[in-house]
Structure formats: C-alpha cells, structure tokens
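Reading through the structure tokens given below for one structure.
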Amino acid sequence: MPELDGATLVTWVRTVLRRDLGTLRRELDLYTDDAGPWREVPGLANCGGTLALHLAGNLRHFVGARLGTSGYVRDRAAEFAERDVPRAKQEVDAALSTLDHRRLMAEFPDVVAGVRVTTGDLLLHLVAHFTYHLGQLNAHRRVVSGDAVSVGALSIPALASAHPAEAS
C-alpha cells in the first residue's frame, strides 16, 4: 500500500466533493416542480432549497474563496436568496487544484468556529458536512415528491481509487 501524501488526499477530497455536487444536482432535478425544494415539511428543520444554497455557499466560501481566488464574498443572508448552485463545482475544482501537502498541513487562513485547524482537517470536515446535509436534502425530496427513487448517492465506484476487482 503506498504512503498517503498531500496530493492523494486532495485528489480524494476533490473526487468526493465532485461526486456529491453531482448528487446534489440530481436530487434537485428530481423534485416534481420548482416549488418542491422550498416546501416546508413538519419535523424537518430545513427545506431542500435552503440546504442546497447552504452547501453551495459553504464550499464557495471555505474552498473557492479562502483556499482559491474566486473572489466570492460570503453574505449568509444573501446566500440564501441566490439560485446559482452549479458555480460551486468550478470554484471548488480550481481551488483544490492549487493545493499541495504543505498547504494541507498548514493552518487554515481563518479562525473557524472560534478555533484554528489545519487546512486538511477542515477539508475532511467539509466533506462530512456536505454529506450530512445531502442526506437531509434527500429525505426532504423523498417526502415532498413522494418518490423514493435513489440518485446513486455515495457511489463507491466514483471514488478516486476505484478500479475493477480481479476475478476470483
């Protein structure tokens, strides 16, 4: 087994975020109408539209702007009024393509939640955060649409290290 290096970790994080951004797009496409993502459901804290905007804004801020040079300035109130989810993918890819192992081990440029953490640690947190809210969005979409169809979230074959298994 090869030793883990910074480039490999960045590739893994980039691949999972790309996969999950694609899943987000497929989830939104499965709502039966434009109002679906915004329907409130008793017992669910957030509607799908709010979750999608939060996820895109979070990645655009922490990855696109703070690690990259996208120029995005986070305004959380305005963020929830936007309707441009796909831009996050290009900003995330551009920022992650510039990272190396030294940057992963360095402190993230901002204080986050009152503490300092390394960039690599924060990136892993952002992947988990995205997946957590993606599951909430999936539950919202299924309740609102009444459709339990799967979008193929969390696909193992989509991981960066996936390759065909040897026949046994």
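The values are calculated or read from the model by the stated rules, or taken from the named source; none is laboratory data. Given the structure is predicted, the values throughout are model-derived calculations rather than measurements. No Cβ is skipped: glycine too gets one built from the backbone with ideal geometry, and neighbour counts run over all protein chains shown. What goes into the accessible areas is simple: the full protein's heavy atoms, side chains included, and nothing from ligands, DNA or RNA. Shrake-Rupley method; radii C 1.70, N 1.55, O 1.52, S 1.80 Å.
Residue count for the stretch 129-164 under the criterion of being over 18 Å from Leu51 (Cβ atoms) and in contact with a Leu (Cβ under 7 Å, 6 or more places away or on another chain): the result is 1. Ala7 meets the conditions (1) under 15 Å from Val151 (Cβ atoms); (2) open to solvent by 30 Å² or more (accessible area, probe 1.4 Å); (3) small (Gly, Ala, Ser) in every case but one. The failed one is (1).
Every residue in the stretch 45-66 that is modelled with pLDDT of 90 or more and in a loop (DSSP other than H, G, I, E, B), please. Once the filter is applied, which keeps residues that are modelled with pLDDT of 90 or more and in a loop (DSSP other than H, G, I, E, B), the stretch 45-66 yields Cys47, Arg66. When Gly22, Gly68, Gly57, Gly48 are screened for being buried (at least 19 other Cβ atoms within 10 Å of the Cβ), of a type in the set (Gly, Ala, Ser), within 17 Å of the chain's Cα centre (by Cα) and farther than 27 Å from Glu107 by Cα, only Gly48 passes. Screening the candidates Leu154, Leu137 for the property of being surrounded by 13 or more Cβ atoms within 10 Å (Cβ to Cβ) and part of a loop (DSSP other than H, G, I, E, B) yields one hit, Leu154. Checking each residue in the stretch 104-123 for being crowded, with 17+ Cβ neighbours inside 10 Å and either without any contact (Cβ under 8 Å) to a residue 40 or more places away in the chain or closer than 15 Å to Arg14 by Cβ (or both) picks out Leu104, Thr119, Gly120, Leu122, Leu123.
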